[in-house]
1. Based on the mean of other beta carbon atoms within 10 Å per residue, what is the order of 57-65, 214-222, most packed first?
2. Pull up the cross-link candidates among the lysines for K74, meaning alpha carbon to alpha carbon under 18 Å and not fewer than 8 places away within one chain.
3. Before rounding to the nearest 500, sum -39500 (n - 2.57) across all DSSP H runs of length at least 4 in the chain and divide by the residue total; then give [θ] at 222 nm in deg cm²/dmol.
4. Subtract the Cα-Cα distance of D169 and R73 from 0.36 nm times their separation in residues, and report this length gain in nm to one decimal.
5. I want to check the label-to-label distance for R176 and N23. Put each point 7 Å from Cα in the C-beta direction and report it in nm to one decimal.
6. If only Cα atoms are counted, what is the Rg of the range 160-227, and what is its Dmax, in Å?
7. Could you work out how far apart the two model spin labels at L57 and D155 are, taking each label as a point 7 Å from the Cα in the direction of the beta carbon, and quote it in nm?
8. Calculate log10 I(q)/I(0) of the chain for q = 0.10, 0.14, 0.16 Å⁻¹, where I(q) comes from the Debye formula with a single equal point scatterer on each Cα and nothing for solvent.
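Every number here is computed from the coordinates shown, using simple stated rules; none is lab data. Here the structure is a predicted model, which is why all the values come from computation and not from measurement. Neighbour counts run over all protein chains shown; Cβ positions are idealised from the backbone, glycine included.
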Amino acid sequence: MKFGVVVFPGSNCDHDAWFAVSNNLGQKAEFIWHDATNLGDVDAVILPGGFAYGDYLRCGAIAKFSPVMQSVRKFAADGGLVLGICNGFQILAESGLLPGVLLKNRGLRFACKPVPLRVETTNSPFTSDAAQGQRLVMPIAHGEGCYVADERTLDRLEAEDRVVLRYLDNPNGSMRDIAGILSEERNVMGLMPHPERATEPLMGSTDGLVILQSMVSAVAHASVLCGS
């Protein structure tokens, strides 16, 4: 399997994602520059954390206009797996690939620490290798990670089983303790915690591997179904 890691000016977790995929997961990974108009032959795309374009205006508000995002939108529309981590989640929300918005943390403080999470659904290509209700620990590092949406959108996310992860100790004020959500087609996921920073014991947790490994399993399963 090959992952494509998109690099925006200001990204600072792109190499973390590349290393986690290639070294700790044992899969192929390549960088895709923000002005690329073609994603190549990748099986999944990661929008990494960081401060794309300096996070001017709003987090992700400028990145959504990058040429590469046209390709990401098409890739997602064709059923490709797209994972947005932290700033990547913000970009997906700004781009309309996921509902809601990420606002400044409650208390207006930058939050940087490991946080406990609960897997809310395994009916997704990002958590299929997890167990329902499984407790995961992953680090966060954000100043604008408070997930906000109107009640109708929140109710729909709940009804359609599209809340993937919840905070067990909400660090940023996110509505309904939401830490990660899915698109309607379930092939796009955004989350504020960093799975790529929890992929080996020296990092304090390997729980992030369940997200990445689930993606590998999902692509392998799809390949079997397609007979390739």
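1. Ranked by mean Cβ neighbours within 10 Å, highest first: 57-65, 214-222.
2. The reachable lysines, counting only those whose Cα sits under 18 Å from K74, are K2, K64.
3. The helix contribution divided over the chain gives -7000 deg cm²/dmol.
4. Net length gain for the segment: 31.3 nm.
5. 3.8
6. So, for the range 160-227, Rg and Dmax equal 14.2, 45 Å respectively.
7. Taking the simple label geometry, L57 and D155 are separated by 3.2 nm.
8. Rounded to two decimals, the profile gives -0.38, -0.79, -1.07.
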